[in-house]
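Scroll down for the structure; my scribbles are underneath it.
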Amino acid sequence: SKPSFAEVQMQVKTYIRADVGFDPGSIEFGTTTQGKSVVKRAYLQYEGRPDWALIGVQKTNPGIRAEAREARRTSTGVVYEILVELKATAEPGYIHDLLKFKTNDPDPATASIFLPIRGVVTAPLTAKPAYLQLGVVPKNATVTKNLVVCGSSPFKILSVESNDKRMSFLKTDISPKLRLIFLG
């Protein structure tokens, strides 16, 4: 009831590296349907020490697979091809993650570099609303609710059933990928 306001100062320290770069600067999967695998490619270029190398890739999302292959090495640098796969088994939802590349750089502050990953995995079928609430229904009253079922590919609803004999259903085909169910 009595809010108070405060000011907090944060110090942020960063190091901008001119010797390392990714092309593109992030992996963008966009929107994909669960069950489909998508592979994206990026390149990491380093200019500096001739013995500089990637020694590992770490990820936190089990729906992502990543690998780095040395593509070209010169006396002043190296190029790595980075392959990132969004697995078919990835769970539906937003992906906002970082790949962490460990290098043989002796300075711990610069030994790791990061590549952002973004995307959305959608379920093959979704219902809206996800949870249908009938609320409190007075005796002998009727309540009608709509349920929209969306698919990433054409589908048919063969039947709608309930153990409760008071429930009735009416199916309507709006399009091959969209169906409407009236519950009453």
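The values are calculated or read from the model by the stated rules, or taken from the named source; none is laboratory data. Note that the structure is predicted; figures quoted are calculated from it, not measured. Methodologically, a virtual Cβ is constructed for each residue, glycine included, from the backbone with ideal geometry; neighbour enumeration extends over all protein chains shown. To get the accessible areas, we keep the full protein, side chains included, count just its heavy atoms, and leave off ligands, DNA and RNA. Shrake-Rupley method; radii C 1.70, N 1.55, O 1.52, S 1.80 Å.
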- Note on the structure: Phi angles of segment 66-72, converted by Karplus (6.51 cos²θ - 1.76 cosθ + 1.60, θ = phi - 60°) into ³J(HN,Hα) in whole Hz with x for Gly and Pro, give 9, 8, 10, 10, 5, 9, 7
- Message: Using only the Cα atoms of segment 1-104, what semi-axes does the equivalent ellipsoid have when each is the square root of 5 times a gyration tensor eigenvalue? Give whole Å, largest first.
- Response: 31, 25, 11
- Query: So what's the projected area for segment 64-184, the Cα convex hull averaged over all directions, in nm²?
  - Reply: 13.2 nm²
- Hey, which of these cross-link pairs are over 27 Å Cα-Cα: LYS13/LYS102; LYS13/LYS87; LYS13/LYS100? LYS13/LYS87
- Task: State to the nearest 20 debye the size of the charge dipole of segment 83-184 about its Cα centre, where the only charges are +1 on K and R beta carbons and -1 on D and E beta carbons.
- Result: 660 debye
- What is the sum of charges around ILE27, taking Lys and Arg as +1, Asp and Glu as -1, for the other residues whose C-beta is under 15 Å from the C-beta of ILE27? +1
- Taking +1 at the Cβ of each Lys and Arg and -1 at the Cβ of each Asp and Glu, which of VAL136, SER152, PRO116 sits farthest along the dipole of segment 85-184 towards its positive end, judged by Cα position relative to the Cα centre? VAL136
- Task: Name the longest site-free stretch of the chain, where the excluded sites are GluC sites (Glu not before Pro) in a DSSP loop with no more than 16 other beta-carbon atoms within 10 Å.
- Result: 8-160
- Correct response: the longest run of the chain lacking exposed chymotrypsin sites (Phe, Trp or Tyr not before Pro), defined by DSSP loop and at most 10 other Cβ within 10 Å, is 16-130
- Message: Could you report the chain's accessible area per residue, 1.4 Å probe, as an integer in Å²?
- Response: 70 Å²
- Item | Cβ charges +1 (Lys, Arg) and -1 (Asp, Glu), total dipole of the chain, debye | 960 debye
- Task: Using a cut-off of under 17 Å, list every residue of segment 8-48 whose amide N is near the label point 7 Å from the Cα of THR74 along the Cα-to-beta-carbon line.
- Result: 18-23, 43-48
- Note on the structure: Counting only protein heavy atoms with a 1.4 Å probe and every protein chain in place, the carbon and sulfur fraction of the accessible surface of the chain in whole percent equals 54 percent
- Measure out, as a whole number of angstrom, how far apart the alpha-carbon centroids of segment 108-184 and segment 12-80 sit. 38 Å
- Query: What are the aspartates and glutamates whose alpha-carbon lies under 17 Å from the alpha-carbon of LYS40, with same-chain residues fewer than 8 places away excluded?
  - Reply: ASP23, GLU28, GLU67, GLU70, GLU81, GLU85, ASP97
- Message: With every atom except the alpha carbons ignored, what do you get for Rg and Dmax of segment 66-130, in angstroms?
- Response: 17.4, 60
- Proximal lysines to LYS139, defined as alpha-carbon separation beneath 30 angstrom and excluding residues fewer than eight positions away on the same chain: LYS128, LYS165, LYS171
- Among MET167, MET10, what's the order by accessible area (1.4 angstrom probe), most exposed first? MET10, MET167
